[in-house]
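Peer 1: Provided herewith is a single structure, encoded as structure tokens, for subsequent inquiry.
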Amino acid sequence: MDCRLGCGACCIAPSISSLNKAANVRCKYLNQDNLCSIFDKPERPKVCSDFKADKDTCGTSNEQAMANLIYLEAVT
């Protein structure tokens, strides 16, 4: 599955410890279009690079992606 550009759920819902980012807080690198401003840069955390969009995680809409990722964050 290709990532839905402008979704940003994976940059909001989960915590990202390498960036000291809490869950349900926008990543400081997420721009106003919900795109990662460090996507192709070496400072992008490995956890972000390793994340791959899939139907089970991202669902069929941005809203479903947020709900799924918030749930996964809560149970892990």
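Peer 1: Among the listed residues 53, 23, 65, identify the single one that is touching a residue at least 60 places away in the same chain (Cβ under 8 Å) and closer than 21 Å to residue 75 by Cβ.
Peer 2: Details: 53 fails: touching a residue at least 60 places away in the same chain (Cβ under 8 Å); 23 fails: touching a residue at least 60 places away in the same chain (Cβ under 8 Å).
The match here is 65.
Peer 1: For segment 1-15, enumerate the residues that are of a type outside the set (Ser, Thr, Tyr) and either surrounded by fewer than 16 Cβ atoms within 10 Å (Cβ to Cβ) or over 9 Å from the mean Cα position of the chain (by Cα) (or both).
Peer 2: Kept after step one, since they are of a type outside the set (Ser, Thr, Tyr), are these residues of segment 1-15: 1-14.
Result: 1, 2, 3, 4, 5, 6.
Peer 1: Also, I was wondering about something else. From the set of residues in segment 61-76 that are of a type in the set (S, T, N, Q) and in a helix (DSSP H, G or I), which is farthest from residue 5 (Cα to Cα)? Steps first, please.
Peer 2: Looking only at segment 61-76, we keep the residues that are of a type in the set (S, T, N, Q), and these are 61-62, 64, 68, 76.
In the following step, the residues that additionally are in a helix (DSSP H, G or I) were identified as 62, 64, 68.
Working: 62: 10, 64: 15, 68: 17 Å.
Checking each candidate, the answer is 68.
Since every read-out is calculated from the coordinates, none of them should be taken as a lab result. Given the structure is predicted, the values throughout are model-derived calculations rather than measurements. Neighbour counts are summed over all protein chains in view; Cβ atoms, including those assigned to glycine, are modelled from backbone coordinates with ideal geometry.
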